[in-house]
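The values are calculated or read from the model by the stated rules, or taken from the named source; none is laboratory data. Keep in mind that what you see is a predicted model, and the values were worked out from it rather than measured. Cβ placement follows ideal geometry from the backbone for every residue including glycine, while neighbour counts extend to all protein chains displayed.
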Amino acid sequence: MKITVKYVVEDRDRHGNLRLYYRKAGQPKVRLRGPMGSPEFWQDYQAAVKNPKPKAKPKATTGLDRASMRWLISDYYASADFQRLDESTQKTRRNVLERFCLNQNDGDKPYALILPRHIRARRDAMVETPSAANTMLKALRVVFKHALRNDLVTSNPAAVVEMFPSNGEGFHSWTMEEVEQYEACHPIGTTARLALALALFTGQRRSDLVQLGPPHLKNDWLIFTQYKNRNRNPVRLEIPLVPALTEVIEASTIGDKTFLITEYGKPFTIAGFGGKVRDWCDAAGLFHCSIHGVRKAAAARLAELGCSEFEIMSITGHKNSKEVMTYTRAARQKVSAQAALQKMQADQAGKSQRTQKSGGGSTSPLDDDQGNG
């Protein structure tokens, strides 16, 4: 028997995959996780019903010079590609592009005359903040890709401009000593300890940690769709609930929908949770640690245990191994160094046995070179 729910419509993408949407007049169409009737479905449906948002109006492009960069960016804002982005991603991208327009009046310049050297000059001007420069470059690539698709330009000038190489390891990855220091400050039973356990034993982002809860549990497995890219390219994960995490959950006060709840019994917002973890870390004296660093530590720990990149990706939800390799590079080096020294020790043990059998006395690793100089 087919289930029908008010304001819920079904659609199939070009690959034949069934998608569910909450669709009500005067409100934006909201993607719902499936299948119909699942805990994830009802969670998304109730959120759409209780928190209606007026349909977003694309920024008007009238009154702008149609040859200007600002007009092209405004036209991109009105595109389906931009409208399908998460609200937080839209806000971030707008901020980046608006800053580009304001700097040196670049918004008033003709987009058709912008060349790679112009964009490269803008990138080089931000050499002191390479991450911000790369973010700007990524945004411009997307805008000119939109222009290329709509026959507004014949090439993408941002696509051939090189990004600055990464000059750091990003967020600090927690050490086991730092984990123990945090646990000493926040014992089992506290929300702070629950937050760390969820992050450490699931390897998820903060946006996923705040949504995980009892509805996602099935036979000691967490089954959920990651928050990031949930509307464009969703990643569905099934992660076993390890005993150490079960112990912390059972000893904690949790909500009906989410494990993590505020002191008022409500689920955390993503931003609110990030701020709260900052307070918990500061209370433990871990001023340089963050919740994202726990995700890196979880991946690194799996690497130290000998897990392959693909096994780690099955937990973290990454779709390619590039970022996972960045997370686990130090751990891989440690494992490789340990393996190399074990081989050396085994070799030396063999030499020692052969020397003893032949009546020799020295077992130095430099024996083969001694007496040759």
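Checking every residue in region 109-130 against the condition of being under 25 Å from Ser207 (Cβ atoms), exposed (fewer than 14 other Cβ atoms within 10 Å of the Cβ) and not assigned by TED's automatic domain parsing to the domain that holds Arg230 gives at least one match. Does at least one position in region 185-205 carry a residue that is in a loop (DSSP other than H, G, I, E, B), surrounded by fewer than 19 Cβ atoms within 10 Å (Cβ to Cβ) and free of Cβ contacts under 8 Å to residues at least 12 places away in the same chain? Yes, region 185-205 has at least one match. Where helices (runs of 4 or more DSSP H) fall wholly inside region 1-119, the ranges with 1 or more residues that are touching a His at 6+ places or on another chain (Cβ under 6 Å) and at pLDDT 85 or above are 69-77. The condition (being within 19 Å of Ile312 (Cα to Cα), assigned to a helix (DSSP H, G or I) and not aromatic (Phe, Trp, Tyr)) is satisfied by just one residue among Val248, Val277, Val294: Val294. The single residue among Glu162, Glu180, Glu263 that is under 30 Å from Lys145 (Cα atoms), loosely packed, with under 13 Cβ neighbours inside 10 Å, more than 19 Å from the chain's Cα centre (by Cα) and charged (D, E, K, R) turns out to be Glu162. Please tell me if Trp174 is of a type in the set (Phe, Trp, Tyr), without any contact (Cβ under 8 Å) to a residue 40 or more places away in the chain and either more than 30 Å from Ile114 (Cβ to Cβ) or loosely packed, with under 14 Cβ neighbours inside 10 Å (or both). The answer is no for Trp174.
Is it the case, given these coordinates, that Lys343 is basic (Lys, Arg), at pLDDT 70 or above and out of contact with any Asp or Glu (no Cβ under 8 Å at 6 or more places or on another chain)? When the stated conditions are applied, Lys343 passes them.
Tally time: how many residues in region 298-311 are within 14 Å of the chain's Cα centre (by Cα) and farther than 18 Å from Phe273 by Cβ?
To start, the set of residues in region 298-311 that are within 14 Å of the chain's Cα centre (by Cα) comprises 298-299.
Now restrict to residues that are farther than 18 Å from Phe273 by Cβ: 299.
So the answer is 1.
Just the residues that are among the aliphatic types (A, V, I, L, M) and modelled with pLDDT under 90, please, taken from region 165-179.
First, pick out the residues of region 165-179 that are among the aliphatic types (A, V, I, L, M): 176, 179.
If the condition is that a residue be among the aliphatic types (A, V, I, L, M) and modelled with pLDDT under 90, then Met176 is the only one that fits.
Within region 150-184, the set of residues being closer than 30 Å to Phe259 by Cβ and part of a loop (DSSP other than H, G, I, E, B) comprises Glu169, Gly170, Phe171, His172, Ser173, Trp174, Thr175.
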